Amino acid sequence: MMKIGKSEYKLIHLDTNALREIVTNEGNSMKGYFNKFMDKNELYAPCFSFYNVIELMPYEDIYQKFLDFFSLIPCLMFYPTRIIIQEEYKTYLNKSKFEFSNKIINAFTPITNNDSYNCRKFFERVSTNVQLIRVIQDEISELKNTANIWEAQRESSKQLLIDSGYQINIKSEEFYRFSEKDTIYRDLLKYGLNPAKEINLDSFPTLRIMEYSQYNRVYLTSKKIKPNDVMDIVICGIVPYLDAVVTENFQANVYKKAKNFIPQMKLLEIYTLKDLRISLN
């Protein structure tokens with residue numbers, strides 16, 4: 001929950017598909033969003049990643065509709081996940097509580113003239129920063145290469161199991177849980193952090209949900225990995241700190257399973273694009 005102005009809001013994460021659905025399907029999903037998540041008795045503030053918005057920018061019509069809609073309601077934008085991980089690590093070292101700050105989020109409100117807190121003005125200013133946009137676009141274009149690498153890892157893992165005489169389906173939920181602590185430890189090192197070997201997993205929900213999401217997509221399914229799959233994982237790290245999420249069916253199922261072992265996600269409300277549409281019924 002977060003107080004914005006005089007009202008308390010639950011925080012709901014919207015992935016790129018949900019953002020696109022809301023702003024392009026006004027007669028159904030946009031009204032559905034208001035009916036379901038902007039009820040007078042329970043308000044939700046939409047949250048999205050900086051990367052989501054950059055993804056929409058090349059689609060001028062959709063992007064302008066996004067700016068129109070999200071400049072009229074309170075909402076929050078999260079900065080890249082690596083920043084969240086760094087802040088999470090600081091709270092781990094200090095034994096303090098993880099809290100949102102302006103290093104992690106930018107809150108937008110329709111009742112301000114400050115360019116930093118008006119959604120449209122903020123992104124209009126960002127769009128003129130050619131160097132920043134190029135960096136982010138390069139990162140997004142790299143998603144295809146990452147997807148190919150994950151595909152290759154899946155195939156090499158299968159071959160290694162075959163060569164070792166194991167069944168291919170040895171990769172399982174149990175295998176992931178057994179190796180999770182070592183995986184998170186290696187991730188912290190990759191982010192340039194220097195944790196003690198015996199880390200407390202409960203202190204790193206961001207990395208936990210990202211790794212679990214990747215494991216599900218790479219090793220617990222044979223579906224082709226696409227750049228959108230990688231993006232879902234890039235932006236999902238903030239979800240354990242939010243109250244609700246709207247996402248596609250596969251990721252929704254990952255979240256449902258993660259609720260069983262990531263404490264911060266126990267009470268997470270999980271919705272799909274279908275929930276936006278049927279909320280009008």
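So here's what we get for this one:
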{"item": "Extreme residue, farthest from D275 (Cα to Cα), among residues of segment 1-32 that are out of contact with any Leu (no Cβ under 9 Å at 6 or more places or on another chain) and part of a strand (DSSP E or B)", "result": "K3"}
{"item": "Residue count for segment 54-73, restricted to those that are under 19 Å from the mean Cα position of the chain (by Cα) and more than 23 Å from R277 (Cβ to Cβ)", "result": "2"}
{"item": "Condition check for V245: in contact (Cβ under 8 Å) with a residue 40 or more places away in the chain, surrounded by 15 or more Cβ atoms within 10 Å (Cβ to Cβ), of a type outside the set (D, E) and within 18 Å of I84 (Cβ to Cβ)", "result": "yes"}
{"item": "Enumeration of residues in segment 29-46 that are without any contact (Cβ under 8 Å) to a residue 40 or more places away in the chain, touching a Lys or Arg at 6+ places or on another chain (Cβ under 8 Å) and of a type in the set (A, V, I, L, M)", "result": "L43"}
{"item": "Cβ pairs under 7 Å, 6+ apart, first in segment 1-28 and farther than 20 Å from M265 by Cα, second among the charged types (D, E, K, R)", "result": "T16/E55; N17/E248; V23/K65; T24/K65; N28/R277"}
{"item": "Candidates Y9, Y51 - the one that is in the same structural domain as D243 (by TED's automatic domain parsing), out of contact with any Lys or Arg (no Cβ under 6 Å at 6 or more places or on another chain) and under 14 Å from C75 (Cβ atoms)", "result": "Y9"}
{"item": "Count of residues meeting criterion [of a type in the set (D, E) and over 22 Å from the mean Cα position of the chain (by Cα)] in segment 189-210", "result": "1"}
{"item": "Yes/no for V245 being part of a helix (DSSP H, G or I) and either hydrophobic (A, V, I, L, M, F, W, C) or modelled with pLDDT under 95 (or both)", "result": "no"}
{"item": "Candidates I83, I62 - the one that is in contact (Cβ under 8 Å) with a residue 40 or more places away in the chain, surrounded by fewer than 21 Cβ atoms within 10 Å (Cβ to Cβ), aliphatic (A, V, I, L, M) and not assigned by TED's automatic domain parsing to the domain that holds F204", "result": "I62"}
{"item": "Test: residue in segment 56-71 that is closer than 23 Å to K144 by Cβ and among the polar types (S, T, N, Q)", "result": "no"}
{"item": "Candidates V234, V254, V230, V218, filtered to the one that is modelled with pLDDT of 95 or more and among the aliphatic types (A, V, I, L, M)", "result": "V254"}
{"item": "Helices (runs of 4 or more DSSP H) wholly inside segment 91-163 that include at least 1 residues being surrounded by 13 or more Cβ atoms within 10 Å (Cβ to Cβ) and at pLDDT 85 or above", "result": "119-127, 143-163"}
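The values are calculated or read from the model by the stated rules, or taken from the named source; none is laboratory data. Predicted model, so just to flag it, every value in this text is computed and none were measured. Note: ideal-geometry Cβ built from the backbone for every residue, glycine included; neighbour counts use all protein chains shown.
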